[in-house]
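As structure tokens, the structure follows; a few thoughts come after it.
The values are calculated or read from the model by the stated rules, or taken from the named source; none is laboratory data. Predicted, not measured: the structure shown is a model, and the values here were computed from it. Cβ sites come from the backbone with ideal geometry, for glycine too, and all protein chains shown count toward neighbours. These area figures cover heavy atoms from the full protein model, side chains too; ligands, DNA and RNA do not enter into them. Shrake-Rupley method; radii C 1.70, N 1.55, O 1.52, S 1.80 Å.
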Amino acid sequence: MSAVTDPLLWEHVQPAAARRLLTGAVDAFAERGYQATTTRDIASRAGMSPAALYVHYPSKERLLFEISLHGHNAALDVLRSADTGPSAAERLRSLVAAFTTWHAEHHTIARVVQYELAALTPEHLAEVATIRRAISTQIEQVLADGVATGEFAVSDLPGTTLAVLSLSIDVARWYTPHRGDPTTLGKLYADLAHRMVQA
């Protein structure tokens with residue numbers, strides 16, 4: 001069973017029919033892209049009729065929004081839980097390892113939430129953007145703390161934050177299970193991120 005269809009990942013979505021539609025949409029959006037996916041594609045993956053989709057979701061965009069909201073919040077929770085350690089260097093390594101591992105383990109949903117943002121309505125995009133800013137802040141604060149203690153040499157905090165985040169996020173674009181173990185990849189990317197900022 002893939003990470004995206006693991007019932008534990010979506011157990012908060014009720015009833016079961018709504019959950020099946022959501023996981024069907026994740027798979028379809030990741031495989032075909034949002035624009036090329038039809039409501040019929042989504043309903044078919046859920047074993048339902050196209051009309052049944054509208055009982056649970058008013059539109060295809062609403063499905064994308066629910067997926068984006070859940071995916072971004074899950075990624076933020078991972079970062080907040082990983083922000084531990086006695087030094088900025090250890091915190092950064094922990095953050096990048098956890099964020100990278102999450103993007104590999106959940107590459108299907110991560111691909112959707114990271115690369116289909118343009119299809120959201122302005123109101124929904126604004127809500128997701130708030131979570132994205134919180135994710136950036138989590139990394140930027142650790143970098144700033146490392147600069148303050150002399151552990152890091154960073155002249156451009158926003159630019160470096162974007163570079164560090166991009167390392168982890170891009171994993172979702174190319175990762176498949178045969179490309180390696182997510183945890184091992186997380187450790188590698190933690191090493192790379194630390195080298196980028198060492199004083």
Taking only the stretch 90-122 into account, find how many residues are under 13 Å from the mean Cα position of the chain (by Cα) and assigned to a loop (DSSP other than H, G, I, E, B). 2
Being closer than 24 Å to VAL197 by Cα and either open to solvent by less than 30 Å² (accessible area, probe 1.4 Å) or free of Cβ contacts under 8 Å to residues at least 12 places away in the same chain (or both), is that true of even one residue in the stretch 125-134? yes
Members of the stretch 157-199 that are within 18 Å of the chain's Cα centre (by Cα) and in a loop (DSSP other than H, G, I, E, B): ASP170, TYR175, THR176, ASP181
Given (1) in a helix (DSSP H, G or I); (2) touching a Leu at 6+ places or on another chain (Cβ under 7 Å), where does VAL154 come up short, assuming only one miss? (1)
For the stretch 103-124, name all the residues that are open to solvent by less than 20 Å² (accessible area, probe 1.4 Å) and closer than 20 Å to VAL171 by Cβ. HIS103, ALA104, ILE109, ALA110, VAL112, VAL113
Cβ-Cβ distance below 6 Å, separation of 6 or more or different chains: which pairs start in the stretch 152-169 with a residue that is open to solvent by less than 30 Å² (accessible area, probe 1.4 Å) and end on one that is outside any loop (DSSP other than H, G, I, E, B) and of a type in the set (Phe, Trp, Tyr)? SER168/PHE99
Selection status of GLU140, closer than 22 Å to GLY33 by Cα, assigned to a helix (DSSP H, G or I) and open to solvent by 30 Å² or more (accessible area, probe 1.4 Å): no
Scanning the stretch 165-183 for residues that are of a type in the set (D, E, K, R) and closer than 20 Å to ILE139 by Cβ, which turns out modelled with the lowest pLDDT? ARG173
For ALA17: the one exception among (1) touching a His at 6+ places or on another chain (Cβ under 8 Å); (2) open to solvent by 10 Å² or more (accessible area, probe 1.4 Å); (3) small (Gly, Ala, Ser); (4) at pLDDT 90 or above: (4)
Any residue in the stretch 123-131 that is among the acidic types (Asp, Glu), in contact with a helix residue (DSSP H, G or I) (Cβ under 6 Å, 6 or more places away or on another chain) and outside any loop (DSSP other than H, G, I, E, B)? no
Looking only at residues in the stretch 44-55 that are part of a helix (DSSP H, G or I) and open to solvent by less than 60 Å² (accessible area, probe 1.4 Å), which one is nearest to ALA25 (Cα to Cα)? LEU53
Which condition does SER87 not pass, out of (1) of a type outside the set (A, V, I, L, M, F, W, C); (2) surrounded by 14 or more Cβ atoms within 10 Å (Cβ to Cβ); (3) touching a residue at least 60 places away in the same chain (Cβ under 8 Å), if it passes all the others? (2)
Test each condition in (1) surrounded by fewer than 18 Cβ atoms within 10 Å (Cβ to Cβ); (2) part of a loop (DSSP other than H, G, I, E, B); (3) within 17 Å of the chain's Cα centre (by Cα) for TYR34 and report the one that comes out false. (1)
Determine, yes or no, whether ILE135 is more than 24 Å from ALA190 (Cα to Cα), of a type in the set (A, V, I, L, M, F, W, C) and under 20 Å from the mean Cα position of the chain (by Cα). no
